Amino acid sequence: MTRFGRWLYNRVPVDPETLRKPLREELPVHLKQWMLCLGGTPLLLFLILATTGILLTFYYVPDPSHAYESVENISFHVRFGWFIRGIHRGAAQLMILTTLLHIIRVFGTRAYRKPRELTWMLGVALFLTVMGFAFTGYSLVNDQLSYWATIVGTNMVGTMPVIGKPLLYLLRGGPEVNPNTMSRFYDIHIGILPTITTLLVVGHIVLVRLHGVARLEEDPRTETYAFFPDHVLRELIVGLVVVIGLVNYAIFFPPHIGPPANPLITPATIRPEWYFWPVFRWLELVPEMIGLAGVLLYVLGMFLWPFIDEGLEKVAPKRHLGRIVGTVAFLITLGLLLWEGIAG
Amino acid sequence: MEECVQPSAEERSRREFLANLIMGIGVTLGVGSLFMRFFQYLYPVVEPVKLVEVLAAKTSDIPSGAVHFVQLAEGPVMIQNVGGQLHALSAICTHMGCIVKWHPELNEFICPCHRGVYGIDGNNISGPPPRPMGKLAIKVRDGNVYVMIPAQKVQT
């Protein structure tokens, strides 16, 4: 041990070997395929979003009478403001996409089964926080789309029986969307959700590491490879590709801003960002209560999926009922998304 | 000399259980009431709904058969003249709160958000709206149309 090492060890008495142990974990070889190790990408994107998000707060003003101007200022006047906002926006879109792909992958390979149910549930909770980030983040721009998305989104919460109204008041800081609403959404976006997400990410990763990465059901290979440096290098390559992609996205598709929020006029054509399209189309098709109940049941089903799948397996072994139910749910969601995308 | 009697193991565990129970309840109530204050701080103070009379238009602005849209500070309103009789409807969609638009060619109010459709009388015809558009009381005085509109104040 070097002199500095000894000095540090005397003050932080943790055996360096204990710290090195997690780095030496052996991983199954299927993780070498990018589609099967998507979990690291949302983590990287979370760090990028946190960094660019903090940078955006230096110029953003969370007040309805100045928010729009401040976003305009960031996008068109502040040096490299368009770049920071572009990366933040692109990373947010990619975050949702890669989280979805990660969920689909874990679902497809049934990696959520005993004893990894809690890892899956924390993952679903993380997906919900990502959607919460997207919703509150867009509302902060305060253009027409964000304003009306806030109205619709919060009203949706308000239609819940019993707790709907108190929750709506709490979220909006009043019965209607008012100046309190923006401060609340800002707090949720930059304070509450990042804290919850950090705790969930830590929990998710700790559980993944404690159980070890799940082996693929039909994969006969037993070989492994080291987390460090082999896997870390692979993740770095993926990370570099993601960063290059984001930089290009920000350059070639610089962030725009719609007309400023106008509480007097709902625009003739209005629809949310693509990730809310399935819910948007669903709400259009069915009555209010069924619409909300459907969304809540879907989320609950996602949360409890490991147990539902186990139950289905017991009811009819080897019939792959879980896979059928899951695939149908996935196809319905995809169908609603495409329907809104094409016909909306 | 006083005799010191040691409590039995059973007695000790009962005492321990009771002490833990009392402390547990105390901590729950104490911390709970602290969080209750946090919740009360976050919950908005809203004054009760009051009906306010607001000048919305002049009768001359709304000829027979016309539908007139007015944006008041208290909310958007549609005033219509059906055979000389004036009616007012709240222009807020009862589904998700967007502002409906009057389409004279179809004789319908259509909400741009989720395509909810209401008839000229404000009744929901198709799409997701759960109930008709809100009807508002109207007063006509000296050629002016006043609408009774529910308003609520919030502490900001």
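General remarks:
- Residue list for the range B:57-91, filter: within 14 Å of chain A (Cβ to nearest Cβ) and among the hydrophobic types (A, V, I, L, M, F, W, C): B:PHE69, B:VAL70, B:LEU72, B:ALA73, B:VAL77, B:MET78, B:ALA91
- Residues in the range A:71-102 that are aromatic (Phe, Trp, Tyr) and in a helix (DSSP H, G or I) were compared, and the one that is farthest from A:ILE251 (Cα to Cα) is A:PHE76.
- Of all residues making up the range A:39-54, the number that are of a type outside the set (Val, Ile, Thr) and either surrounded by fewer than 19 Cβ atoms within 10 Å (Cβ to Cβ) or outside the structural domain of A:GLY123 (by TED's automatic domain parsing) (or both): 3
- Candidates A:VAL328, A:VAL315, A:VAL299, filtered to the one that is away from chain B (no Cβ under 14 Å) and out of contact with any helix residue (DSSP H, G or I) (no Cβ under 9 Å at 6 or more places or on another chain): A:VAL328
- Test: residue in the range A:25-38 that is modelled with pLDDT of 95 or more, assigned to a loop (DSSP other than H, G, I, E, B) and touching a helix residue (DSSP H, G or I) at 6+ places or on another chain (Cβ under 9 Å): no
- Unique match (being surrounded by 18 or more Cβ atoms within 10 Å (Cβ to Cβ) and charged (D, E, K, R)) among A:GLU288, A:GLU273: A:GLU288
- Of the criteria (1) assigned to a strand (DSSP E or B); (2) hydroxyl-bearing (Ser, Thr, Tyr); (3) within 14 Å of chain A (Cβ to nearest Cβ), which one B:TYR146 fails: (3)
- Breaking point among (1) outside any strand (DSSP E or B); (2) crowded, with 16+ Cβ neighbours inside 10 Å; (3) of a type in the set (Gly, Ala, Ser), for B:GLY65: (2)
- Of all residues making up the range B:102-118, the number that are surrounded by fewer than 17 Cβ atoms within 10 Å (Cβ to Cβ) and either facing chain A (nearest Cβ under 8 Å) or at positive phi (or both): 2
- Residue within the range B:22-45 that is over 26 Å from the mean Cα position of the chain (by Cα), outside any helix (DSSP H, G or I) and surrounded by 11 or more Cβ atoms within 10 Å (Cβ to Cβ) present: no
- Verdict on B:MET96 being within 9 Å of chain A (Cβ to nearest Cβ), crowded, with 20+ Cβ neighbours inside 10 Å and either in a strand (DSSP E or B) or of a type in the set (A, V, I, L, M, F, W, C) (or both): yes
- Taking the range B:119-135 as the range and being assigned to a strand (DSSP E or B) and away from every other protein chain (no Cβ under 14 Å) as the test, only B:LYS135 passes.
- Meets criteria (of a type in the set (Lys, Arg), surrounded by 10 or more Cβ atoms within 10 Å (Cβ to Cβ) and away from every other protein chain (no Cβ under 14 Å)) for B:LYS50: no
- Within the range A:15-40, residues that are within 17 Å of A:ILE103 (Cα to Cα) sit with their Cβ atoms under 6 Å from residues that are surrounded by 10 or more Cβ atoms within 10 Å (Cβ to Cβ) and aliphatic (A, V, I, L, M), at 6+ positions apart or across chains, in these pairs: A:HIS30/A:LEU36; A:HIS30/A:LEU216; A:CYS37/A:LEU31; A:LEU38/A:LEU101.
- When A:LEU236 is tested against (1) touching a residue at least 60 places away in the same chain (Cβ under 8 Å); (2) within 22 Å of A:LEU45 (Cβ to Cβ); (3) surrounded by 12 or more Cβ atoms within 10 Å (Cβ to Cβ), just one condition goes unmet, and that condition is (1).
- Candidates A:PRO267, A:PRO278 - the one that is touching a residue at least 60 places away in the same chain (Cβ under 8 Å) and more than 8 Å from every other protein chain (Cβ to nearest Cβ): A:PRO278
- Test: residue in the range B:120-127 that is touching a strand residue (DSSP E or B) at 6+ places or on another chain (Cβ under 8 Å) and farther than 28 Å from A:MET289 by Cβ: no
- Evaluation of A:GLY5 against the conditions (1) surrounded by 12 or more Cβ atoms within 10 Å (Cβ to Cβ); (2) over 30 Å from A:LEU128 (Cβ atoms); (3) small (Gly, Ala, Ser) shows that the sole unmet condition is (1).
- Yes/no for A:ARG85 being charged (D, E, K, R) and in contact (Cβ under 8 Å) with a residue 40 or more places away in the chain: yes
The values are calculated or read from the model by the stated rules, or taken from the named source; none is laboratory data. These numbers were taken from a predicted model, which means no experiment stands behind them. Reconstructed Cβ throughout: ideal geometry from the backbone, glycine too, with neighbour counts over all protein chains shown.
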